[in-house]
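Each remark here refers to the structure printed beneath this line.
The values are calculated or read from the model by the stated rules, or taken from the named source; none is laboratory data. Note that the structure is predicted; figures quoted are calculated from it, not measured. Virtual Cβ from ideal backbone geometry, glycine too; neighbours counted across all protein chains shown.
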Amino acid sequence: MRACVLLIGLASLAVGLAACTAPVDPRHLDVALTRSGAGYDVSGRYGPGWSEGDVRGEVERRCRAQSLNLRRFVSLQYAEGRGTGFSAYCGRSG
């Protein structure tokens, strides 16, 4: 009896985990700017429909909208169900 309950519990957990790791929408792009001194720290994630160059260009556009320049851009590791992460910094040239 206990073994059956344990197996049912494990099966439910496996179904729940499978639902959490659904593929990320290829068109997904999430960008967050956070004030940091005279500039902005930028972080986010993107789906497989975006290239790193496309994302970098979008971040550069958002930096210019703040009258700043993209000073650093780093791609992070791809995570199943979440996409590829990145971090960047927008600041003044100089």
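Scan the range 60-83 and give yes if some residue there is among the small types (Gly, Ala, Ser), more than 14 Å from residue 24 (Cβ to Cβ), surrounded by fewer than 16 Cβ atoms within 10 Å (Cβ to Cβ) and touching a helix residue (DSSP H, G or I) at 6+ places or on another chain (Cβ under 8 Å), otherwise no. Step through it out loud before you land on a result.
We begin by selecting, within the range 60-83, every residue among the small types (Gly, Ala, Ser); these are 65, 67, 75, 79, 81, 83.
Checking which are more than 14 Å from residue 24 (Cβ to Cβ) leaves us with 65, 67, 75.
If we keep only those that are surrounded by fewer than 16 Cβ atoms within 10 Å (Cβ to Cβ) as well, we get 65, 67, 75.
Now drop any that are not touching a helix residue (DSSP H, G or I) at 6+ places or on another chain (Cβ under 8 Å), which leaves 75.
Looking through the range 60-83, at least one residue is among the small types (Gly, Ala, Ser), more than 14 Å from residue 24 (Cβ to Cβ), surrounded by fewer than 16 Cβ atoms within 10 Å (Cβ to Cβ) and touching a helix residue (DSSP H, G or I) at 6+ places or on another chain (Cβ under 8 Å).
Quick one: which residue in 87, 67, 43, 75 is modelled with pLDDT of 95 or more and at positive phi? Steps first, please.
On the way: 87 fails: at positive phi; 43 fails: at positive phi; 75 fails: at positive phi.
Sole residue among the options that is modelled with pLDDT of 95 or more and at positive phi: 67.
Within the group 90, 63, which residue is hydrophobic (A, V, I, L, M, F, W, C), part of a strand (DSSP E or B) and touching a Cys at 6+ places or on another chain (Cβ under 6 Å)?
On the way: 63 fails: part of a strand (DSSP E or B).
Testing whether each residue is hydrophobic (A, V, I, L, M, F, W, C), part of a strand (DSSP E or B) and touching a Cys at 6+ places or on another chain (Cβ under 6 Å) leaves just 90.
What is the one condition in (1) touching a residue at least 40 places away in the same chain (Cβ under 8 Å); (2) hydroxyl-bearing (Ser, Thr, Tyr); (3) over 21 Å from residue 26 (Cα atoms) that residue 43 does not satisfy?
(3)
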